[in-house]
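Reading through the structure tokens given below for one structure.
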Ligand code: NAD
């Protein structure tokens, strides 16, 4: 396994920009406890963020609430202009945020690209489509000719966003964009590890013209700031683990507010007998090891037809072994580091547990401390069984298990034998059979001959989780409608009949109209 070097490729920007971003974006005043943010590449403290308190959250939500009516009264065109300008600024300034993403997450630079691309695409999509998606619609009236009915969509109010550390730009900003385009205002709580990426994005939105009160950021610990936000906002959009998602759902239920939850996964990939093996191998490399496997739609289980299992397993393990790992703020590394000690411990625990119970390591299975404190090799396992943690639990790291299947029905049954239902992929040369198989998998997005990018990147179509992978969807119409309240306004043009004869004639008349 080759390595890349941090010394030869230092970042262009450092977390020294944090105090300036914090003073520009957050409202918290006075002294606060400081939370240290460690850079995964080195383990050294790269900066600190304030541990905001309930009073700060209160202030942020109040500001967002008072900014909301004026923001909602602006035309779609006026709001869209800001997000189109944001797109242009991203094009000019993306190197800065690539550095911040790498500094805070330790991922390879090429993997940070996905976030910039996704944020730009989603921004443009909702800037150009929101008005059409939310346009008032004429509906069939109660009584033809007598009643004229309209369906309107109103913003919900102040939306609370809670986002994780693994895709800190995408997951902090891309859901907020449709919410804001719909006329809501918002308060965002990014993960404590990746607040500067979120703050940078909000400062760029401000530069693009977003008024101050419309999107606030509150930094700090999830277990204090999260519940404080959940108590105050009108709708919660959460991305993170299934365990925390369930607690968010409970808090939302207690206040009878809506919530949208994007949660964990244990995503399967099915490689059919007729698949192009080389293309499936390179797709699996991207699907399993992008962001060192710390990707919600990452592949953790691969089911391969028995006729090609040996060929696939050998080629895949070879390619995984060749990936160049390293801490580099340029493109010299194929794979970066894990983000936290917690993730490293979980990855080690899962691999050790599998190996102790008889799994075979085709490649990987080791830390690489000489590269940095959180590096772990891309790891491929076979002979994985039900009694092992990697069989059912989400690892969220560069670890994948290979399984052999005989029939496609068996592959589908095994792919579905999980409490999760986030993402999946099917590899075959027969696209229509691929679609038939896809429709049998219980997951919110299925990719044919790609691991995750084709479904995730199709932003005009919804994605999200079935089963314990979530509630609600992002992208497409569903990704903005959830931030609105539908409202019916019906105009009665003539009074309803009040005597028996008139009622009978009305009922006869109704028969003439289609249902
Ligand atoms: P997590 O649930 O621990 O944390 C996510 C966010 O919730 C963080 O901002 C955290 O500070 C906050 N939080 C923690 N406790 C809270 C509480 N009690 N109340 C409110 N907020 C709280 O998740 P994680 O482990 O950091 O992230 C990884 C998980 O997220 C994985 O399971 C992964 O699959 C999932 N994920 C899902 C998607 C998706 O789109 N479906 C995307 C990325 C990550």
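Computed from the coordinates by the stated procedures, all read-outs in this text should not be read as laboratory data. These numbers come from a predicted model, not from an experiment. Glycine also receives a Cβ, built like all others from the backbone with ideal geometry; neighbour counts cover every protein chain displayed.
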**Complete:** Relative contact order in percent for region 282-397 (Cα pairs under 8 Å, 6+ apart) equals 27 percent
**Prompt:** Between residue 78 and residue 278, how many nm apart are label points set 7 Å from Cα along the C-beta direction?
**Reply:** 5.7 nm
**Sequence ranges 285-294, 206-215, 432-441, ranked by mean other-Cβ count within 10 angstrom, highest first** = 285-294, 206-215, 432-441
**Item:** Segments 162-168, 318-324 sorted - mean Cβ within 10 Å per residue, highest first
**Value:** 162-168, 318-324
**Prompt:** Dividing the Cα convex hull volume of region 366-449 by residue count, how many Å³ per residue is that?
**Reply:** 129 Å³
**Asked** Helix 54-73 sits at what angle to the longest principal axis of the chain, using alpha carbons and giving 0 to 90 degrees rounded to 10?
**Response** 50 degrees
**Message:** If you average the C-alpha positions of region 429-472 and of region 177-193 separately, how far apart do those two centres end up, in angstrom?
**Reply:** 26 Å
**Request:** On a C-alpha basis, how far is the centre of region 479-515 from the centre of region 40-90 in Å? Whole number, if you could?
**Result:** 43 Å
**Asked** Once label points are set 7 Å from the Cα along Cα→Cβ at both residue 132 and residue 54, what is their separation, rounded to one decimal in nm?
**Response** 4.7 nm
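Run lengths n ≥ 4 of DSSP H only: what is the helix-derived mean residue ellipticity at 222 nm for the chain, with -39500 (n - 2.57) per run over all residues, to the nearest 500?
Theoretical 222 nm ellipticity from helices: -13000 deg cm²/dmol.
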**Request:** Please tell me the relative contact order of region 37-138 in percent, rounded to the nearest whole number, where contacts are Cα pairs under 8 Å and at least six residues apart.
**Result:** 33 percent
**Message:** Just to be sure I understand: of the beta bridges DSSP finds with both ends in the chain, what percent are antiparallel, rounded to 5?
**Reply:** 40 percent
**Asked** Taking Rh as the Kirkwood radius computed over C-alpha pairs, what is the Stokes-Einstein D of the chain at 4 °C in a medium of viscosity 1.567 mPa s, expressed in µm² per second?
**Response** 53 µm²/s
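Please list 133-140, 40-47, 108-115, 295-302 highest first by mean number of surrounding beta-carbon atoms within 10 Å per residue.
Details: 133-140: 13.4, 40-47: 18.2, 108-115: 22.0, 295-302: 25.9.
Most protected by this proxy first, the peptides run 295-302, 108-115, 40-47, 133-140.
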**Prompt:** So what's the angle, to the nearest 10 degrees on a 0 to 90 scale, between helix 195-207 and the longest Cα principal axis of the chain?
**Reply:** 40 degrees
**Message:** For a Förster distance of 56 Å, can you work out the FRET efficiency between the beta-carbons of residue 504 and residue 417, rounded to the nearest 0.05?
**Reply:** 0.45
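Would you mind classifying region 115-243 by shape? Square roots of the alpha carbon gyration tensor eigenvalues, ordered a ≥ b ≥ c; an a/c under 1.5 is rounded, otherwise it is prolate if a/b is larger than b/c and oblate if not. Could the numbers behind the result be given before it?
Numbers: a/c = 2.52, a/b = 1.82, b/c = 1.38.
Taking the square roots of the gyration eigenvalues as a ≥ b ≥ c, region 115-243 is prolate.
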**Asked** Once both axes come from the Cα atoms, what is the angle between helix 242-255 and the longest principal axis of the chain, in degrees from 0 to 90, rounded to 10?
**Response** 20 degrees
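Give the relative contact order (percent, whole number) for the chain; include only Cα pairs under 8 Å separated by 6+ residues.
Numbers: 1140 pairs, mean separation 97.0, N = 515.
Taking the mean separation of contacting Cα pairs over the length of the chain, I get 19 percent.
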